[in-house]
Amino acid sequence: VRSRSLGGGRVGYVRIGQFTERGTAELTAELQRLRSSGADRLVLDLRNNPGGQVTEALAQASLLLLDSDAGADATVAYTVDAAGRVERHTAGAILHAAANDAAADGRAIADGRAAADAAADAAADAAADAAGDR
């Protein structure tokens, strides 16, 4: 993952070369750096990206969607199983699962842990709001 500031620092350019665990950690760090330097818009460059791990593509999309109006409840993907059951995957749930997987494997997602924890908290808050518990 490579990034740089454009447009006087308000625009962040992010180039994702492939969807990997390392790339997810790098994207987390680059997004934090760009945001802290004042970027409030992103240009995402996926040219010549051959793909990679689906779980990492979902995690990286989730990181990008956390700042959307939907936040942790933003829909990243739907999957349909062989029986035709549809499952909605949200940014918060994906990042929460990624953090749990990393912890179970004894590895850390560089600074992504904070994003995952924030997403999980936001998802729990959204669920509580939907259930009328708050």
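The values are calculated or read from the model by the stated rules, or taken from the named source; none is laboratory data. Predicted model only: the values in this text are computed from it and were never measured. Note that we place each Cβ from the backbone using ideal geometry, even for glycine, and neighbour counts take in every protein chain shown. Heads up: the accessible areas ignore ligands, DNA and RNA and are worked out on the full protein's heavy atoms, side chains in. Shrake-Rupley method; radii C 1.70, N 1.55, O 1.52, S 1.80 Å.
Using C-alpha pairs under 8 Å with a sequence gap of at least 6, the mean separation divided by the residue count of the range 1-65 gives a relative contact order of 40 percent. Applying 1/(1 + (r/R0)^6) with r as the Cβ-Cβ distance of Ala83 and Ala104 and R0 = 35 angstrom yields a FRET efficiency of 0.80. Amide H to amide H distances under 5 Å link Leu42 with Gly12, where only residues 5 or more positions off or on other chains count and H is placed in the peptide plane. Taking all protein chains together, Asp45, Asp69, Asp40 sort by accessible area into Asp69, Asp40, Asp45, largest first [probe 1.4 Å].
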